1. Among the residues of region 272-282, is any among the β-branched types (Val, Ile, Thr), crowded, with 20+ Cβ neighbours inside 10 Å and either at pLDDT 95 or above or not assigned by TED's automatic domain parsing to the domain that holds residue 96 (or both)?
2. Taking the conditions exactly as written (touching a residue at least 60 places away in the same chain (Cβ under 8 Å) and either touching a Gly at 6+ places or on another chain (Cβ under 7 Å) or among the basic types (Lys, Arg) (or both)), does residue 151 satisfy them or not?
3. Which of the numbered conditions does residue 151 fail, given that it passes all the others? Conditions: (1) in the same structural domain as residue 230 (by TED's automatic domain parsing); (2) of a type outside the set (D, E, K, R); (3) within 15 Å of residue 5 (Cα to Cα).
4. Filter region 170-222 down to the residues that are among the polar types (S, T, N, Q) and under 22 Å from residue 253 (Cβ atoms), then identify the one that is surrounded by the fewest Cβ atoms within 10 Å (Cβ to Cβ).
5. Among the residues of region 48-60, are any exposed (fewer than 15 other Cβ atoms within 10 Å of the Cβ) and within 22 Å of the chain's Cα centre (by Cα)?
6. Find the helices (runs of 4 or more DSSP H) located wholly in region 1-115 whose residues include 2 or more that are out of contact with any helix residue (DSSP H, G or I) (no Cβ under 6 Å at 6 or more places or on another chain), farther than 25 Å from residue 139 by Cα and not charged (D, E, K, R), and list them.
7. Does residue 251 satisfy being assigned to a strand (DSSP E or B) and among the polar types (S, T, N, Q)?
Amino acid sequence: MDNKVVLIGCGNVGLAYAYSLVNQKDYVSELVLIDINKEKAEGEAMDLNHCMYYSPASINIRVGDYEDCRDAKIVVIAAGANQKPGETRMDLINKNAAIFKSIISSVVASGFNGIFLVATNPLDVMTYLTLKYSGFKPNKVIGTGTTLDTARLRYLLSKKTNICPKNIEAYVIGEHGDSEFIPWSNVNIAYKKISDILSPEELNEISEEVRTSAYKIIERKGSTSYGIGMCLTRITSAILEDKNIILPVSSWDSTNKVCISTPAVVNKDGVKEKIFIPLTPEEEVKLIGSINVIRDAMISIKE
């Protein structure tokens, strides 16, 4: 099967994703790199191809242009201005909105009819702009959403409880940003509520650590890349292998008219179904707050 993926943006996030793909089983047949710095992209393609002897995959990796999007199954967008120390994700909004208008129009002009997968911040707003500029059906535009935040959450819970993170049911929902939150009322391990295992103080510490992890990483190394690269790979696998797995991706919420993260079923058609989990009144307030943050950001875009 020809599972062609086009990656737009060969910075830290894009290359972490590409390297992650090389280390997975063979479900991507071709990976095309597009970057404003074509010479750098050529060097990255050469370097990645030299992994193939030791890789479980067999991927044809090359540099291309927007015309290559025409027959791609997925176009991954990791292009945009980087978040600098001291900046919030929302500080990037107008820089990246202008970049996206050009990228999306070029991809659509190629005849692309696959699935957009967005990793650029501010994530929920960029996912919305991809939907707006492309005119695609909502199920075919996916943002990485709170998949990374959820991975951080499950890692921290695993460290606290000494339980494998794969056996912990927990999600971060809302904005991929400062208004995100953990609906603790739905978190459990083997049907045991997390509130029966950890104290309120411990839960608050974990919430704060999840929310601020990106800032701490950026302060120390300049960017986050490996975690989001793996999240992109996981979503790619869900699409190309038609897995029907549940991931907290960002997608269009037709009721609230924003792109926001909730658990969702992801398969070959993109987002098959958004899952709205029951929330306590306090959690409902947090969700409404997160929706309003995203909506206000959408309104602030200067086009």
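The values are calculated or read from the model by the stated rules, or taken from the named source; none is laboratory data. These numbers come from a predicted model, not from an experiment. Cβ atoms come from the backbone with ideal geometry, glycine included; neighbour counts cover every protein chain shown.
1. no
2. On the way: touching a residue at least 60 places away in the same chain (Cβ under 8 Å): yes; either touching a Gly at 6+ places or on another chain (Cβ under 7 Å) or among the basic types (Lys, Arg) (or both): yes.
So residue 151 fits the description; yes.
3. (3)
4. 185
5. no
6. Answer list for region 1-115: 12-22, 38-49.
7. Spelling it out, residue 251 is indeed assigned to a strand (DSSP E or B) and among the polar types (S, T, N, Q).
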